[in-house]
Amino acid sequence: MSAVHPLIAHAPGELVSAFVVPAVSLVYLLTVDWRLTLVTLVPVVTAVALVPLLTLPARLREQEEYDAAMGRIASSVVEFVQGIPVVKAFGGGGRAHRAFLTAADDFVDVFSRWVRGVSAVAAGMQLALSPPFVLLVVLTGGAVLITSGGMTPAGLLPFLLLGPGLTAPVAALGHGFDDLQAARRAAGRIRAVLEVRPLPEPAHPVAPRGHRVELRGVRFGYEAGHEVLRGIDLVLEPGTVTAIVGPSGSGKSTLVRLLPRFFDPTHGSVVLGGADLRELDGRELHRTVSFVFQDVRLLRASVADNIALAVPSAGLDDVVRVARLADIHDRILALPRGYETVLGEEAELSGGEAQRISIARALLAGAPVLVLDEATAFADPRTERAVRDVLTKPAGDRTVLVIAHRLETVAGADTVVVLEDGVIVERGGPAELLARNGRFAALWRSHRPAVPDGGGGRDGVSREVPEEGESR
Ligand code: ADP
């Protein structure tokens, strides 16, 4: 957007002033002596003739590479900065900024190639448009005319005064050219985003009957030719908790993101209360499926308003009830003005406390289908316990799907689903699976339900089971 801004906000005004003054000067000079006027225009014509050399296909390609290299630098800086806590905790600083150094070297290569291509042309244009060169051309032409008696020396004066100003439009175009090109490419990228088609909403939405969730022969891939889920059949019964375990990269996050319809399966269907998600009204779906996101967003508003975000009409009684369930009630009472305390102004909450607020929020929203990612949902054991209580105790007839990383959660689930490489390799109750002594039993023994390969997650967060798990 900021690259497009100059084109829309500044270019019109600048172009008008850059063209009007020289145009008036030109008309005046033509009335003085048309021959010397033509001579005075030689530098401008020369510069304009060079412009096409800047827009050769090879140059445009280099410009795009330049943009891409800039983008890579920007994103590697962001990645690096975001990863600083992990780097501090685990060392490995050298590896962390290698991506940035590679991006920077890359940029130097691209930039050098681009400069080599355009510098000679750009220098030629600047020379042609420079006042000394214009004056030289005017003086030479004037001298020839004066010595041949075609003009008086006084007639030369307007050309010397106004001639250098005639190059202004070309110089302005030259300066604006880069901005213009950048704006054009930026507009192309904006268009690409705008052209992404939203998931289609049904013309005649169907109402779900109940909240049994069923995945039928679901296949999905982010890119063509690479399937992340390869034929998933799964039923989530109301009133049960289903835990998904499996190595990182096996498709757990992808699977749970199908429920709030972040994307549609490429084959098969996700069915809620007997209706394909594609047949449901989007708002109805959001009321039915709650998703506890990995990064908690609290608003600069009172604690009560933060909890009641999805249900603004909720009374304080309801807010307190869910705050108790999420084990955050006592902490809220200790704040300067209790439930009226404005977060971010009068009080700051810790990560775990903020998470419990967001859990209370999800509870109040009361969506009958709850999707949780345990790995990122718990900052501390207390929050973890609060959620487990919420998940297991009064599940009522809520349908719960959780990506489980802790043995306790897995043990408390009604059904465990082991996912490997996009297929379900085992399913059943935790005790039953342990007795079967298969993949799940191996994961259980390794004490690392999420990452049996021992690596960190994609986000670099350690997911080992904490000590209470080790003591089992
Ligand atoms: P898990 O949650 O089990 O670690 P994910 O569902 O996150 O697994 O990832 C499964 C596969 O899909 C991985 O190979 C991952 O690289 C790929 N993947 C995940 N998210 C995206 C995305 N937004 N675009 C492309 N590929 C992705």
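The values are calculated or read from the model by the stated rules, or taken from the named source; none is laboratory data. Given the structure is predicted, the values throughout are model-derived calculations rather than measurements. We place every Cβ from the backbone using ideal geometry, glycine too, and count neighbours over all the protein chains shown.
What pairs come up if the first residue lies in segment 140-162 and is in the same structural domain as L29 (by TED's automatic domain parsing), the second is in a helix (DSSP H, G or I) and among the charged types (D, E, K, R), and their beta carbons are under 9 Å apart, counting only those six or more places apart or on different chains?
Once the first residue is in the same structural domain as L29 (by TED's automatic domain parsing) and sits in segment 140-162, its partners that are in a helix (DSSP H, G or I) and among the charged types (D, E, K, R) give G141/R35; L145/R35; G150/R35; M151/R35.
Check segment 76-87 and report whether any residue there is surrounded by 11 or more Cβ atoms within 10 Å (Cβ to Cβ) and either closer than 23 Å to V170 by Cα or not assigned by TED's automatic domain parsing to the domain that holds R113 (or both).
No, segment 76-87 has no match at all.
So which residues in segment 312-331 are part of a helix (DSSP H, G or I) and under 22 Å from R287 (Cα atoms), if there are any at all?
L316, D317, D318, V319, V320, R321, V322, A323, L325
What number of residues within segment 20-50 are in contact (Cβ under 8 Å) with a residue 12 or more places away in the chain and part of a helix (DSSP H, G or I)?
19
Of all the residues that make up segment 189-199, how many are more than 16 Å from the chain's Cα centre (by Cα) and either surrounded by 11 or more Cβ atoms within 10 Å (Cβ to Cβ) or of a type in the set (S, T, Y) (or both)?
Within segment 189-199, residues that are more than 16 Å from the chain's Cα centre (by Cα) and either surrounded by 11 or more Cβ atoms within 10 Å (Cβ to Cβ) or of a type in the set (S, T, Y) (or both) number 1.
Residues checked against (1) of a type in the set (S, T, Y); (2) crowded, with 16+ Cβ neighbours inside 10 Å:
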position	(1), (2)
G217	no, no
E227	no, yes
L234	no, yes
V241	no, yes
S248	yes, yes
K252	no, yes
L255	no, yes
L272	no, yes
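Please find, within segment 395-411, the residue that is farthest from P247 (Cα to Cα) out of those that are out of contact with any His (no Cβ under 9 Å at 6 or more places or on another chain) and away from the ligand (no atom under 16 Å from the Cβ).
Result: G396.
Return yes or no: is R191 in a helix (DSSP H, G or I), more than 16 Å from the ligand (Cβ to nearest atom) and not polar (S, T, N, Q)?
On the way: in a helix (DSSP H, G or I): yes; more than 16 Å from the ligand (Cβ to nearest atom): yes; not polar (S, T, N, Q): yes.
Judged against the criteria, R191 is a match.
Out of the helices (runs of 4 or more DSSP H) lying entirely within segment 367-472, which hold 1 or more residues that are at pLDDT 75 or above? It would help to see each step written out before you state the result.
Working: elements: 374-377, 381-392, 407-412, 430-436, 439-446, 467-470.
Hits in segment 367-472: 407-412, 430-436, 439-446.
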